[in-house]
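Input: a single structure, listed below in structure tokens.
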Amino acid sequence: MSSPLPLTEPIYPEKVRFVCISDTHNRADEIEAQIPNGDVFLHCGDFTHYGTYTEVENFNSLLGRLPHRHKIVIAGNHELTFDRRILPATKPLKPHRRMSEEVLLRNREFLQSRGLKHMSWLLTNCIYLQDSETTVHGLRIYGSPWQPQFYDWAFNLSSLEDLKYVWNKIPSGIDVLMTHGPPQGRGDGCCVDLKAGCPELLNEVQNRVRPKFHVYGHIHEGRDPQWNKDEGFSTDGTTTFINASILNRSYENVFPPVIFDIPLPHGHSKTSVFNISDSLV
């Protein structure tokens with residue numbers, strides 16, 4: 001697939017239609033009417049600013065209004081409360097530069113009052129993936145929120161060994177890979193004039209995992225031709241790489257959703273159910 005499908009492309013009975021967005025930062029409701037229908041809706045993280053329970057509840061309400069039968073979501077670096085290192089279930093809290101100890105405590109007490117073990121449990125209108133996979137219509141989808149160290153937000157990994165460890169968890173044979181951050185050189189050029197993508201992720205994707213599609217966000221400029229000539233859409237002949245960020249670097253709703261189709265695997269139909277495995281939360 002060398003170029004994005006037009007958003008007006010019909011949905012075909014013999015193909016699974018995926019609708020992708022990322023990095024909406026509490027503004028997804030502004031584009032709700034522009035999100036095209038499809039079989040599977042994907043959001044690649046940063047659906048909030050800080051991951052507070054009110055933000056998550058609002059996003060979950062939006063998910064409930066979307067018509068897609070299957071909705072799959074991963075966290076991004078702005079979902080601070082989804083990172084156990086920042087909001088542990090029981091360990092003493094430590095103030096974070098992006099979230100005070102008081103706010104962290106308030107969010108933990110909210111979860112405890114409702115018997116919830118993780119902030120993702122508020123996402124009742126989707127499948128949440130965190131280093132885990134699900135199968136929809138016979139197609140395997142894996143999601144992971146991590147990225148190389150990026151300021152002081154969530155799901156940062158600073159060591160090469162840690163990055164290799166999380167990317168090595170991605171199973172071979174995945175059809176659609178969802179990560180929050182991009183692989184190096186694929187829609188990852190940013191305003192500070194560097195490639196912010198992960199080389200270790202690119203290595204795993206191209207040499208071992210080899211998915212049909214790799215969808216991500218994180219770098220808003222990834223879809224801006226000023227910083228990325230491919231505008232966040234490219235292929236190596238095996239994998240199609242898609243930066244699905246919706247907001248630009250000024251946090252304005254500028255970029256449209258991205259859609260793609262995958263033919264139904266032999267023996268499967270759109271009435272088949274999905275399975276989930278290996279969830280860490």
* Identity of the residue in the range 238-270, touching a residue at least 60 places away in the same chain (Cβ under 8 Å) and more than 23 Å from residue 11 (Cα to Cα), that ends up least open to solvent (accessible area, probe 1.4 Å) -> 247
* Asked: Between a first residue in the range 214-237 that is assigned to a helix (DSSP H, G or I) and open to solvent by less than 40 Å² (accessible area, probe 1.4 Å) and a second residue that is polar (S, T, N, Q) and modelled with pLDDT under 80, which pairs have beta carbons less than 8 Å apart while being 6 or more apart in sequence or on different chains?
  -> 221/228; 222/228
* Asked: Given the conditions (1) surrounded by 24 or more Cβ atoms within 10 Å (Cβ to Cβ); (2) in contact with a helix residue (DSSP H, G or I) (Cβ under 9 Å, 6 or more places away or on another chain); (3) among the hydrophobic types (A, V, I, L, M, F, W, C), and given that residue 176 satisfies all but one, which numbered condition is not satisfied?
  -> (2)
* Residues of the range 138-160 being farther than 30 Å from residue 110 by Cβ and either at pLDDT 95 or above or of a type in the set (A, V, I, L, M) (or both), which ones? -> 138, 139, 140, 160
* Considering the range 53-74 alone, what residues qualify as being within 14 Å of residue 22 (Cβ to Cβ) and among the charged types (D, E, K, R)? -> 71
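Residue by residue, here is whether (1) small (Gly, Ala, Ser); (2) at pLDDT 95 or above; (3) in contact with a Leu (Cβ under 7 Å, 6 or more places away or on another chain); (4) more than 30 Å from residue 95 (Cβ to Cβ) holds:
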| position | (1), (2), (3), (4) |
| --- | --- |
| 4 | no, no, no, yes |
| 10 | no, yes, no, yes |
| 15 | no, yes, yes, yes |
| 21 | no, yes, no, yes |
| 39 | no, yes, no, yes |
| 42 | no, yes, no, yes |
| 56 | no, yes, yes, no |
* Structure fact -> Among (1) open to solvent by less than 40 Å² (accessible area, probe 1.4 Å); (2) touching a strand residue (DSSP E or B) at 6+ places or on another chain (Cβ under 8 Å), residue 204 falls short only on (2)
* Asked: Can you tell me how many residues in the range 61-108 are of a type in the set (S, T, N, Q), within 19 Å of residue 144 (Cα to Cα) and either assigned to a loop (DSSP other than H, G, I, E, B) or open to solvent by 20 Å² or more (accessible area, probe 1.4 Å) (or both)?
  -> 1
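The values are calculated or read from the model by the stated rules, or taken from the named source; none is laboratory data. Computed from a prediction, not measured in an experiment: that's the story for all the values here. With ideal geometry, Cβ positions are generated from the backbone for all residues, glycine too; neighbour counts draw on all protein chains shown. Accessible surface is based on the protein model in full, side chains and every heavy atom, while ligands, DNA and RNA are left aside. Shrake-Rupley method; radii C 1.70, N 1.55, O 1.52, S 1.80 Å.
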